Amino acid sequence: MTKQLQEVVLPDSGATVRIKFVGPLLLNDIMKASEKETRKALAKPEVPMVEVAYEKGPRLEANPNNPAYLSAVQEWENAKGIIFAEKLFHYGADVELSPEALEQVKALRADMGADAELPANDKALYITRILIQTNADFTTLQNAILGRAQPTEVEVAKATEAFPAALQGA
């Protein structure tokens, strides 16, 4: 049994994207695949060490508050999130690449050059770099896909209302 596609309009680009149902097991697979790709492609920043003077002599200790380290961790988290989003959008968005869309993808790859870190998958590239134009577009699409995979507060409230009230004296 397949669930119907739902449409979402991205607020800033105005693009309409059909959303597929991503079940919890597929969502788990997407998370595992993105974690695997993250470990393969991105080294997690190492906590810098700092020498601290003690009575018995100096000792090296981790310094997780180092500004350069905090910045590197933020960049790593952002890159990790992009890898997840690219996979989520690939599986959760029903987007067909028209000849015009493929031309846009080809032009973007040519413009960005070989050094750009663009998704290898044309569909993911089209969705993340062409359809999505702002953070609001990104968040709207991500929430629409995840909202179909996980219960939202609205759905929980509806389900709660469907249950009969507690029996008195029970």
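FYI, it's all coordinate maths here, none of it is from the lab. Just so it is clear, the model here is predicted, and its values are computed rather than measured. A quick note on method: Cβ atoms are made from the backbone with ideal geometry, for glycine too, and the neighbour counts reach across all protein chains shown.
Report yes if residue 12 is charged (D, E, K, R) and part of a loop (DSSP other than H, G, I, E, B), otherwise no. For residue 12, the condition - charged (D, E, K, R) and part of a loop (DSSP other than H, G, I, E, B) - is met. Consider residue 17 carefully, then state whether it is within 26 Å of residue 130 (Cβ to Cβ), touching a helix residue (DSSP H, G or I) at 6+ places or on another chain (Cβ under 7 Å) and surrounded by 11 or more Cβ atoms within 10 Å (Cβ to Cβ). Yes: the conditions hold for residue 17. Taken over the range 73-121, the criterion of being acidic (Asp, Glu) and touching a Ser or Thr at 6+ places or on another chain (Cβ under 7 Å) is satisfied by 86 alone. Report, by residue number, each residue of the range 35-63 that is β-branched (Val, Ile, Thr) and either within 19 Å of residue 75 (Cβ to Cβ) or assigned to a loop (DSSP other than H, G, I, E, B) (or both). Passing the criteria: 38, 47. What are the residues in the range 112-150 that are in a helix (DSSP H, G or I), in contact with an Asp or Glu (Cβ under 6 Å, 6 or more places away or on another chain) and surrounded by 15 or more Cβ atoms within 10 Å (Cβ to Cβ), if any? Hits for the range 112-150 are 124, 128, 137. Taken over the range 64-97, the residue count meeting the criterion of being buried (at least 16 other Cβ atoms within 10 Å of the Cβ), assigned to a helix (DSSP H, G or I) and not β-branched (Val, Ile, Thr) is 12.
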